[in-house]
Every structure is written in C-alpha cells, then in structure tokens.
Amino acid sequence: MNIRKVAGSPGRRRVALAATVLTLGVGTGAAAAGGLAATARDAGTAALALRTASVRGALDTTFQRYADTMHDLVAAAATQPTGSLAPTVARIAGERLPGAHQIVVVGADHGVRAQHTLDGSTPPARTVLSAEPELARGLAVARDSGRLVASPAHVLPADLGLPPAHRQPAFQLIAPVHDREFRGWVVLAVRAPDLLRESLRGAGVTGVATVLTETSPDGVTHEIARWAEGGDPAGDASGTVDVATAGHTWQVRVHPTTALISAARAAAAPFTLLGAALISLLVAVVLLAADRGRTRAEARARQAAADRRADRDRHRAELARHQAAQQELREQALAAEQQLRAQEEELAGFARAAADHLHAPLHTIAGFTELLLEDTDAALDPATRGFLDRIGRSSDRMLKLVGDLLTYSTTSDTALKPGPVDAGGLALGVVAARLDHVDGERPSIDVGELPPVTADPDLLGELLSQLVGNAVRFVRHGTAARVTVTAREHAPGRVRIEVADRGIGVPEDHRTRIFAPFHRAPAAEGFPGTGLGLAVCRKIVALHGGELGVEPNPGGGSIFWFTMAASPVAPAPGPELLAADLA
C-alpha cells in the first residue's frame, strides 16, 4: 500500500501532525488549569462562608440581647406598679441596644405606663399609645399567641416628619405582659439600618457588604437595610443566611468587598493554560520544521539520512521537555490541593483550640457567679440578684455552645471502633440518665425492642442522647413530653431506629436544613440550644455509612430516624452505657 497516497501530500501530513500535537498540549493544559481553577473556587467558597458566618453570628448575638432584654422588661412590667416602673425600665435597658429607638410599656387599655428613649432623641411624652396598622396587628398577635413577635418593616411615627430620603425602615418587638391575667405589652422600636450597621461594626465584621431583606406574606421581597465595610462588592460571589427571632425571619445577603483569594492563586489557572498553549505551539512548530527537513533530505541520500536522525533526536528532546513541563503542572496542581486540605485542617484545629481556651474562663465565671449568689444572697437587692442570674444563665449557655462546638469539630476525627452493640440496653441507659436530670413534670419515654447493631458504642450513645434530648426539650410550654424509641428493618442487613415525639414539629421546608450547623427552625425560637446537636448527629451517622432524616409524626410532632448495620452476632454482656458516660 502506498502510504503517501493514503495520508495525502507532505504539506497535509505536516499540518495534521502539528494540529494533533497542539490539540493534545492545549487539552492537557486546559485540564490542569481547570483543576487549579476548581481549587481556587473552593478556597473562595470557604473564605466567603467564614465571612457569612461572622455576619450571622453578630446578628444572632444582637437579637439574643434583644430577646433577653424584652424578657426582663416583661418581668418588671408584670410585678412593679406604674409609679416605679420608669426607673426600672431605664436600668434594665442599661447599655444601649444597637439600633433601638424607644421602649414603651403599655397597659391593656393602651395607656402608657412608662417610656424610655435609647437613641438620644426627645420625643414628646405620651399617655395613650396610638398604634399604626403594623403595630396594631403586632399587638393583637402578641396578645393572642402569648409570645414575643416582630412587626413588618415600616416607618416609625417619630420619623414621618423627616424628608423621605432620611426615613429609615424600622420594626417593633412586642411582648405581652401577664400576671395571672393579661396586663398589656412591652414595645421596643428598632431602626433596621442602625441595627445592621452597629451590630456588624460592634462585632468587628470587615470585608463585607450586607443587604437585609424581608419577605412579605404575598411573597414579595423588600430591602430594609444595607451596610458595607471596605468599599463596593468585589466580584459576583455572595452568601445568604436567614436570621430569625420573635417568629419573624429576615434574609441577609453577604457580598465580599475584598478579594476572597490571593491574586497569585486567581491567576494560576489562566497562566497555566497560556503556558501549555505556548509550549504546544512551540512543539508543533518544531514538528513542522522537522517534517519539512525530512522531505527535503529525501533527494539527498546520505545527507537525508543524517538529517532525519538529527530531526528525530530533536523531536525526542522536545517531547521529553514537554513531558517534564506537564509533570511540573501536575505537581503544582497536587501541591495546591494539599495546601487547601491543610487550610481545612487548620480551620478545624482553630475551632478546637477556641473551644478549649474558652472552656476554663467560662467555668470560672459560672463558678464565681454561683458563689456570689450563695454567699451574699441576703444582702443583694432584686435587681443585682437578677443581673447575677442573667450572668449565670449566659455562662451556662456559652458553656453549652463551646461544648457543642468542640463535639462538632472533633466528631469527624474520632477513630471509629465498631462492634456488636445492644441498642436496646444502650437506649434504656440514655433514657435513665435523661430522667435523672429532669426538673418538674417527668416526660413519658418508652423504649421498644431494639435489635443489636454494628456501631461504635460511644458514638451511638451520643447520637441517641442528642435525639432523645431534643424530643424531651422541644415541646409546647406546659405540656409533658411523650417520646417513643422503636426500630424496624430498613433494608436487608440494615436497621432503622426511630425517635418519635409529640413536640413542636419541623416545617417541611426546614426538614433538610436543620441538619446544617447553627441552623434552627423558626418554631425553635424561645427554646435553649446552639443549633449544633443535629449537625453532630449527621456526622456520627455519616461515619457509620448510614442515613439520617426527619418525618412528620401523624397526630403532631416529628419522627427522627437513622439507619445502622445490623449485627450478625449478639453483643457481649456488659454494663449499660448511660448518657452521663458520654460527657
């Protein structure tokens, strides 16, 4: 067969060969550049997540401060006469709340019992509260529900006299006052732009531009505040978090104002692609020249042979250099991946170190607060005793958050020690320990027949303790908890264990999101918790290769379930593992 007739003219062969080499080189460079670009995107996503979390943490702290202040104001309004109420309101307000305008204590007849301004303005004193439509609806909802509520955003009456450009959207926090009967409300007016700006600035949040919005019942989203630190948004990246309090949810869009990754990392991918294209082009040019030399050498016998050998040697050298360059690109991509993993491990180590260093100071604060209450109880006035109680409660809440954060950050690193486990005996131990620490009316907890499973006993005990604890805690006020723990076959060789309750339930749009760290459904407002318990459960189940989910419980409440591998052998007899052993 005549190869030249099949392949075509020498010119065509040269073009085809050059095109092939150029295509292979550019393709390889594009793959390497794509890997570097993906690594850079992941690093930017992680940096944006950290900034978004700092915004979420600052706003959650501010709203918790508002909730605590409203709780103390309601307690004072329910127990003190009108004549001495104004100084008490001023003392409880204490340090200025971010964005707060005015506190008004209103009687059931809408008569003003006390008012206190927090933003330095001097509005005229009122004897009767004239409620605008938004405030009137909020008063009715708070009175009927008996809970703290927030009104939709609107302009405060005190700002209606300002030019339109200077009117700030605001909302009111409204809490009902009860003393065996309904006595009125406590109303706290807040300007949303001032709240957003002062909360983030006070928490030291930098490098972000934020937009606070709310969605009306008709599904329309309205912007109510924005604040930027560090200039205009950099790029199109953004993150969104939901902030909920008083039965109302706001959305916060976070844009970075400074670069999320270094300029060198951002330029690595395009420079890699450009380098691969230039090298490939150089190799293609060399191949074209070599092929042209071989064609000319065919007419000169001996010289043609020598030229072909030289061309072949040059081609091999260029190919070796090309392969070396590609190997260098692969090594650079591997180094970038290892650097990203090192950063992830550094973030996890930071969380563990932060929890370790906070644990001892918080224990010290809680201990000295308890000593002050015990040793000087008779000498304390009610206000001071109340402040000490608040310090103690806040210390306990922070200790719980630090403990949950440490558990969450170390769960993934736990060395799994699977073996046959008596799930029924373990569940009974968890329930017994839970009942030993219950104050007041004892919950009803039934444990059915649970088959043995293959799992790490310590982690399985922590998982059951978290789910049973949530089922006991998240119940409607004044209602005793009713919990059942059962099991059934999920698939061949797999067991599904269910913890069912008659609690507050989980809305359908939150049944996946509640397993994310720090996420809490709106119905959980008013209940203690850090938002990390279910995230720890998800990590434990993932370590065992199982599934975790939640379903509505017919008749009310929720069914939290997870799957484990069934144990082929019976577990060895031994002492029951109690929930206290998991601490």
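The values are calculated or read from the model by the stated rules, or taken from the named source; none is laboratory data. Remember, predicted model here, so these are calculated numbers, not experimental data. Every residue, glycine as well, gets a Cβ built from its backbone with ideal geometry; the counts of neighbours run over all protein chains shown.
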Notebook entry, point to check: Before we move on, is ALA237 within 30 Å of ALA259 (Cβ to Cβ) and in contact (Cβ under 8 Å) with a residue 12 or more places away in the chain?
Noted result: yes
Next item on the list: Find all pairs meeting these conditions: Cβ atoms under 6 angstrom apart; at least six residues apart or on different chains; first residue within region 160-174 and under 16 Å from LEU212 (Cα atoms) and part of a loop (DSSP other than H, G, I, E, B); second residue modelled with pLDDT of 85 or more and not hydrophobic (A, V, I, L, M, F, W, C).
Entry: GLN168/ARG191; GLN168/PRO193
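Yes/no matrix, rows are residues, columns are (1) in contact (Cβ under 8 Å) with a residue 60 or more places away in the chain; (2) outside any strand (DSSP E or B); (3) more than 36 Å from the chain's Cα centre (by Cα); (4) closer than 24 Å to TRP250 by Cβ:
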residue: GLY25; (1), (2), (3), (4): yes, yes, yes, no
residue: ALA33; (1), (2), (3), (4): yes, yes, no, no
residue: LEU48; (1), (2), (3), (4): yes, yes, no, yes
residue: ARG51; (1), (2), (3), (4): yes, yes, no, yes
residue: ASP60; (1), (2), (3), (4): yes, yes, no, yes
Next item on the list: Would you mind listing the strands (runs of 3 or more DSSP E) fully within region 206-300 where at least 3 residues are within 26 Å of ARG520 (Cβ to Cβ) and within 19 Å of the chain's Cα centre (by Cα)?
Entry: 208-215, 239-245, 248-256
Check: When you go through (1) at pLDDT below 90; (2) on the phi > 0 side of the Ramachandran plot one by one for GLY184, which number turns out not to apply?
Finding: (1)
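Go through region 282-297 residue by residue and tally those that are in contact with a helix residue (DSSP H, G or I) (Cβ under 6 Å, 6 or more places away or on another chain) and either touching a residue at least 24 places away in the same chain (Cβ under 8 Å) or not hydrophobic (A, V, I, L, M, F, W, C) (or both). Explain how you work it out, then say what you get.
Of region 282-297, the ones in contact with a helix residue (DSSP H, G or I) (Cβ under 6 Å, 6 or more places away or on another chain) are 283-284, 286-288, 290-291, 293-295, 297.
Then keep just the ones that are either touching a residue at least 24 places away in the same chain (Cβ under 8 Å) or not hydrophobic (A, V, I, L, M, F, W, C) (or both); that gives 283-284, 286-288, 290-291, 293-295.
Within region 282-297, residues that are in contact with a helix residue (DSSP H, G or I) (Cβ under 6 Å, 6 or more places away or on another chain) and either touching a residue at least 24 places away in the same chain (Cβ under 8 Å) or not hydrophobic (A, V, I, L, M, F, W, C) (or both) number 10.
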Note to self: Being farther than 14 Å from ALA276 by Cβ, surrounded by 12 or more Cβ atoms within 10 Å (Cβ to Cβ) and under 54 Å from the mean Cα position of the chain (by Cα) is the filter here; which residues of region 305-341 pass it?
What the structure shows: GLU318, LEU319, ALA336, GLU337, GLN339, LEU340
Next item on the list: Just give me the residues in region 129-148 being outside any helix (DSSP H, G or I) and either touching a residue at least 60 places away in the same chain (Cβ under 8 Å) or closer than 15 Å to HIS110 by Cβ (or both), in sequence order.
Entry: LEU129, SER130, ALA131, GLU132, ARG147, LEU148
Note to self: Tell me whether region 177-184 contains one or more residues that are of a type in the set (A, V, I, L, M, F, W, C) and in a strand (DSSP E or B).
What the structure shows: yes
Checklist line | Odd one out for GLY83 among (1) over 21 Å from ARG226 (Cα atoms); (2) touching a residue at least 12 places away in the same chain (Cβ under 8 Å) | finding: (2)
Next item on the list: Tally the residues that are closer than 18 Å to LEU50 by Cβ and either crowded, with 19+ Cβ neighbours inside 10 Å or touching a Lys or Arg at 6+ places or on another chain (Cβ under 7 Å) (or both), restricting the search to region 196-232.
Entry: 7
Item checked: Every residue from region 86-128 that is under 37 Å from the mean Cα position of the chain (by Cα), farther than 17 Å from VAL177 by Cβ and not in a strand (DSSP E or B) -> ALA90, ARG91, GLY94, GLU95, ARG96, LEU97, PRO98, GLY99, LEU118, ASP119, GLY120
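Residues are listed down the side, and each one gets a yes or a no for (1) more than 26 Å from GLY556 (Cβ to Cβ); (2) polar (S, T, N, Q):
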| site | (1), (2) |
| --- | --- |
| ASP446 | no, no |
| LEU450 | no, no |
| VAL453 | yes, no |
| HIS477 | no, no |
| THR484 | no, yes |
| ARG488 | no, no |
Note to self: Given the criteria in contact with a strand residue (DSSP E or B) (Cβ under 8 Å, 6 or more places away or on another chain), modelled with pLDDT under 85 and in a helix (DSSP H, G or I), does ALA78 qualify?
What the structure shows: no
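Yes/no per residue for (1) modelled with pLDDT under 80; (2) at negative phi; (3) out of contact with any Pro (no Cβ under 7 Å at 6 or more places or on another chain):
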residue	(1), (2), (3)
ARG494	no, yes, yes
ARG513	no, yes, yes
PHE518	yes, no, yes
THR530	yes, yes, yes
GLU547	no, yes, yes
